[in-house]
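Peer 1: Next up is a structure, given as C-alpha cells.
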Amino acid sequence: MARFDGRVGIITGGASGIGRATALRFAAEGGTAIIADLQDDKAAEAVREIEAAGGTARAFHLDVTSEAGWADVVAFALSEFGRLDVLVNNAGIGDTAAIEETAYQTYQQVIAVTQTSVFLGEKAAAEALKASGRGAVVNVSSMFGIVGGFGTSPAYAAAKGAVRTLTKNTALGWAAEGVRVNSVHPGFVETPILGETDRALLVGTTPVGRIGRPEEVAAVILFAASDDASFMTGSELVVDGGYTA
Ligand code: NAD
C-alpha cells in the first residue's frame, strides 16, 4: 500500500517547479493530485505526465488570490472524488527590489499571492480537511520567512514570515480536530522563480555548495503531508542546504 492511496490533494502552483515535483510524487505514491495553477498548458502537461505513469490527476484553473476560485476548487475535489485530504499551499511570487524602490502595488500583489492565498486556501478547505479524518496542510514558506535575506524583496520576506506564523496559528486551532498544519522552508531551488539571478552568488551563499532540486523539497513536503509525520503539527521544516544554520 502506497503512502497516499485513496487520498486527494490540492497542490497550488503545481504546474511548475516545486509544486510540479510534489504533484508528480504525490500521484506516484497513490494520491489523486489536483493541480491548481494559473498556467493551464503547463498544468495539463503535468497531468499527462502523471497519467502516462499510471497515476490520477486533474488540472484546475485557480488564481489563489480569488476567494470564489478557492470555493470552486474545493467543490471540484468533493464532487469529483468525494474527499479532500491534503492541501499544499505552494503557489508564490517574489519581488526583487529594495524597499525604497518597491511600489505599494507590487508589495500588495506579492502579499496577496504569497500570503493571503494561504489564509484563503485554509479557510476554504477547513471543513473538508476536518471531514477527512487525516487532513494535512503543508504551507510552502521560504528560508526568507526565517531570516531577512539580502535586504531586498521586502514583500516576499514579509509574506513568507507571515506564512510561518499563520501555519502555527492554524495548527493550534485545528490540533484537536485531526488536521495537521506544517510549513516547509526551502533555500535556493532551481525553478523559474529564480529568474536571471546569478547562480554563482546563490551557490556561494549555500553551505553545501549547490542549488537544490525541486524533488528534494517535494520529498519533505510529502513527508509532512503523510502519516509518517502523524505527531507533527505547527512545525517548520527547513530545506536549505544549510543556509540558515
Ligand atoms: P515556480 O515559479 O516554478 O512555481 C510557482 C507556480 O505558482 C507557477 O506554476 C505559477 O504559475 C504559480 N502561480 C503564481 N501565481 C499564482 C496565482 N495567483 N494563482 C495560482 N498559481 C500561481 O517557483 P517555485 O520555486 O516552484 O515556487 C514554489 C514555492 O516555493 C513558492 O511559494 C516559492 O516562494 C517557494 N520557494 C521557492 C524557492 C526557490 O528558490 N525556488 C525558495 C524558497 C521558497
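Laboratory data are not the source of any read-out in this text; all were calculated from the coordinates shown. Values in this document were obtained by computation on a predicted structure and should not be read as measured data. All Cβ positions, even for glycine, are placed from backbone atoms using ideal geometry, and neighbour counts span all protein chains on display.
Peer 1: Pairing the Cα long axis of helix 17-28 with the longest principal axis of the chain, what angle in degrees results, from 0 to 90 and rounded to the nearest 10?
Peer 2: It works out to around 20 degrees.
Peer 1: What percent does the relative contact order of the stretch 8-236 come to when contacts are Cα pairs within less than 8 Å and at least six residues apart? Please report the intermediate quantities before stating the final value.
Peer 2: Values: 451 pairs, mean separation 45.0, N = 229.
Relative CO of the stretch 8-236 lands at 20 percent.
Peer 1: In a Gaussian network model over the chain where Cα atoms closer than 10 Å are linked, find which of ILE99, ILE35, ILE50 has the largest mean-square fluctuation.
Peer 2: ILE99
Peer 1: Rounding to the nearest 10 and keeping the result within 0 to 90°, find how far the Cα-based axis of helix 40-52 lies from the longest principal axis of the chain.
Peer 2: Computed tilt is about 50 degrees.
Peer 1: Subtract the Cα-Cα distance of THR165 and GLN105 from 0.36 nm times their separation in residues, and report this length gain in nm to one decimal.
Peer 2: Numbers: separation 60, 0.36 × 60 = 21.60 nm, distance 2.38 nm.
Working it through step by step, the gained length comes to 19.2 nm.
Peer 1: Over the residues of the chain, compute the C-alpha Rg and express it relative to 2.2 N^0.38 Å. Walk me through the numbers on the way to the answer.
Peer 2: Values: Rg = 16.9 Å, N = 245, 2.2 N^0.38 = 17.8 Å.
Output field value: 0.95.
Peer 1: Okay, next question. Whole-Hz Karplus ³J(HN,Hα) for the stretch 109-115, in order, using 6.51 cos²θ - 1.76 cosθ + 1.60 and θ = phi - 60°, x for Gly and Pro?
Peer 2: 5, 5, 4, 5, 6, 9, 10
Peer 1: Using θ = phi - 60° and the Karplus form 6.51 cos²θ - 1.76 cosθ + 1.60, what ³J(HN,Hα) does each residue of the stretch 208-221 get, whole Hz, x for Gly and Pro?
Peer 2: 6, x, 7, 8, x, 9, x, 5, 6, 8, 4, 4, 7, 4
Peer 1: For the chain, with a Gaussian network of springs between Cα atoms less than 10 Å apart, report the residue from ALA200, ALA43, ALA75 with the top mean-square fluctuation.
Peer 2: So, out of ALA200, ALA43, ALA75, the one fluctuating most is ALA200.
Peer 1: Among ASP85, ASP240, which comes first, second and so on when ranked by fewest other beta-carbon atoms within 10 Å? All intermediate terms of the calculation are to be shown ahead of the outcome.
Peer 2: Working: ASP85 25, ASP240 22.
Arranged by neighbour count, lowest to highest, ASP85, ASP240 become ASP240, ASP85.
Peer 1: Quick check: pseudo-label points 7 Å beyond the Cα along Cα→Cβ at LEU172 and THR205, how many nm apart are they?
Peer 2: Label at LEU172, label at THR205, 3.1 nm between them.
Peer 1: In a GNM of the chain with a 10 Å cut-off on Cα contacts, which of GLY54, GLY94, GLY31 has the highest mean-square fluctuation?
Peer 2: GLY54
Peer 1: Highest mean first, what order results for 149-158, 218-227 on Cβ atoms within 10 Å? Walk me through the numbers on the way to the answer.
Peer 2: Working: 149-158: 18.6, 218-227: 21.4.
Result, highest mean Cβ count within 10 Å first: 218-227, 149-158.
Peer 1: Scan around VAL238 for amide H atoms under 5 Å from its own, H built in the peptide plane at 1.01 Å from N, and keep only partners 5 or more places away or cross-chain.
Peer 2: HIS185
Peer 1: Further question on the same structure: Charges only on Cβ, +1 for Lys and Arg, -1 for Asp and Glu: so what's the dipole of the stretch 8-236 about the Cα centre, in debye to the nearest 20? Don't skip to the end; give the middle numbers.
Peer 2: Values: 16 positive and 26 negative charges, 105 e Å.
Dipole of the stretch 8-236, to the nearest 20 debye: 500 debye.
Peer 1: Give me LEU201, LEU120 ranked fewest to most by other Cβ atoms within 10 Å of their Cβ, as a rough exposure proxy.
Peer 2: Working: LEU201 11, LEU120 20.
By the 10 Å Cβ count, ascending: LEU201, LEU120.
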